[in-house]
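Undergrad: Quick one: structure below, then a few questions.
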Ligand code: FAD
Ligand code: UDP
């Protein structure tokens, strides 16, 4: 291998760093243990139906960062898709995130936007929570207990297998609460799905004479042979240190794939299931992400089941609890075994990063690396 820098992982972090360093004239080798590039954001055509599927669950690109938007648009055009989500609670569909429609349907009222603050404030006041210490308390201070118990509690228990009182309040602040009928899931300025899919986007990003990609290769199988070469590591941080302080908790996902020979199964790309008694968290129907493509008579769905990751499972979500925060601190203070190891991305930093923030951070670290080695 003639590379000057090794990058572990071809998700948005590793791919962006590889692209930037290659463009700056560095020879880069990218090591990926899976049989394809793209990490968890990867998409490909489903051979049975011809529909583009997001292999690791729905991925909608959204950002308000102009630099990130400009950067990613060098490699793909986006369609005009705007994400909306519904949630089923006790067999009835509601808007998600919680908005005026959710509130009026749930309470069987016809409140106007200006009446919502007082209405919700009354619910919140019943609980007397002043400084929320966990996800449950935070949610109650945002929407009151009845809405929390209907739409958040069951879903959160399924998603994290923890009581919401054990989880960080940050998780729930990802979701807006709206006092109008706006049912868009994201507030960002730019949003869409890559016109030709994420798979093609990653191919274009890595298509450079200075980049060599090696698939089906686990870094830990070849690490010793690599010697002391600058490395960007985007795998799980605890694995890098051979779990010396213990295992961080990760959530993984199982998908149950179904094909139905009807043009539309659920009328939207994501339907959440709020009841704890339904074992899956949501159903993805991928054809809705590309309304601009020719329509098909069949449709492909993924039912999503969340569970604790065993060591042999793919880690998807870091779990934001005090135990993991403490453990992460220990790993972060550990000097890397070899000089010149940079940790990045959702697994390398153990942070709940979206695609746009992952790219933003990768652009920063690339700039640093290019300047340091200029
Ligand atoms: P990853 O994409 O996880 O890539 C890491 C790569 O490293 C993987 O390919 C892995 O195989 C490889 N690797 C790990 N260890 C090794 C090793 N030892 N040797 C070789 N290779 C290794 N973000 C959004 O902005 N919008 C969304 O709608 C959205 N939806 C999501 C839905 C789900 C279900 C999940 C889990 C995440 C979602 N995200 C979304 C977040 C998005 O997936 C991440 O921001 C993005 O994948 C982070 O990229 P990454 O490069 O850090 O990690
Ligand atoms: N959430 C919920 N009900 C829903 C959707 C989300 O309680 O219908 C909570 C849940 O705790 C989840 C968090 O909000 O983990 C963040 O949701 P998001 O859709 O952003 O999660 P992701 O798409 O990253 O899985």
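What follows is calculated from the coordinates using simple rules that are stated; it is not laboratory data. Computed from a predicted model, the values in this text were never measured in an experiment. Note that each Cβ is placed from the backbone with ideal geometry, even for glycine, and that neighbours are counted across all protein chains shown.
Undergrad: Quick one: length gained pulling residue 182 to residue 224 fully straight, 0.36 nm per residue minus the C-alpha distance?
TA: 9.7 nm
Undergrad: A further question on this structure: Please give the FRET efficiency for residue 105 paired with residue 297, using the beta carbon to beta carbon distance and R0 = 35 Å, rounded to the nearest 0.05.
TA: E(calc), rounded to 0.05, equals 0.60.
Undergrad: Using a simple spin-label model with points 7 Å from Cα along the Cα→Cβ vector, what separation in nm is obtained for residue 276 and residue 149?
TA: 1.1 nm
Undergrad: Order 348-354, 367-373 from most to least packed using the mean count of other Cβ atoms within 10 Å.
TA: 348-354, 367-373
Undergrad: For the stretch 270-317 and the stretch 77-150, what is the centre-to-centre distance using only Cα atoms, to the nearest Å?
TA: Measuring centre to centre over Cα atoms gives 23 Å.
Undergrad: Pop the C-beta distance of residue 121 and residue 157 into the FRET formula with R0 = 25 Å and round what comes out to the nearest 0.05.
TA: That gives a FRET efficiency of 0.40.
Undergrad: Return the distance in nm (one decimal) between the two label points of a simple spin-label model at residue 209 and residue 112, each offset 7 Å from Cα along Cα→Cβ.
TA: Between residue 209 and residue 112, the label points sit 6.8 nm apart.
Undergrad: Residues in the stretch 218-235, backbone N under 18 Å from the label point at residue 311 (7 Å along the Cα-to-beta-carbon vector): list them, ranges by number please.
TA: 218-223, 235
Undergrad: Continuing with the same structure: Subtract the Cα-Cα distance of residue 45 and residue 370 from 0.36 nm times their separation in residues, and report this length gain in nm to one decimal.
TA: Gain on stretching residue 45 to residue 370: 113.4 nm.
Undergrad: For the residue pair residue 166 and residue 196, what label-to-label distance in nm results when each label sits 7 Å from Cα along the Cα-to-beta-carbon direction?
TA: Each label point is offset 7 Å from its Cα along the Cβ direction, giving 4.6 nm.
Undergrad: Set the Förster distance to 22 Å, then compute FRET efficiency between residue 73 and residue 352 from the Cβ-Cβ distance, nearest 0.05.
TA: Approximately 0.35, to the nearest 0.05.
Undergrad: Let me ask something additional. Going highest first, how would you order 13-21, 241-249, 35-43, 156-164 by mean Cβ packing within 10 Å?
TA: By packing density, highest mean first, the sequence is 13-21, 35-43, 156-164, 241-249.
Undergrad: Here is a further query. Calculate how many DSSP beta bridges within the chain are antiparallel, expressed in % of all such bridges and rounded to the nearest 5.
TA: Rounded to the nearest five, the antiparallel share is 65 percent.
Undergrad: Defining a contact as two alpha carbons under 8 Å apart and six or more residues distant in sequence, what relative contact order in percent does the chain show?
TA: 27 percent
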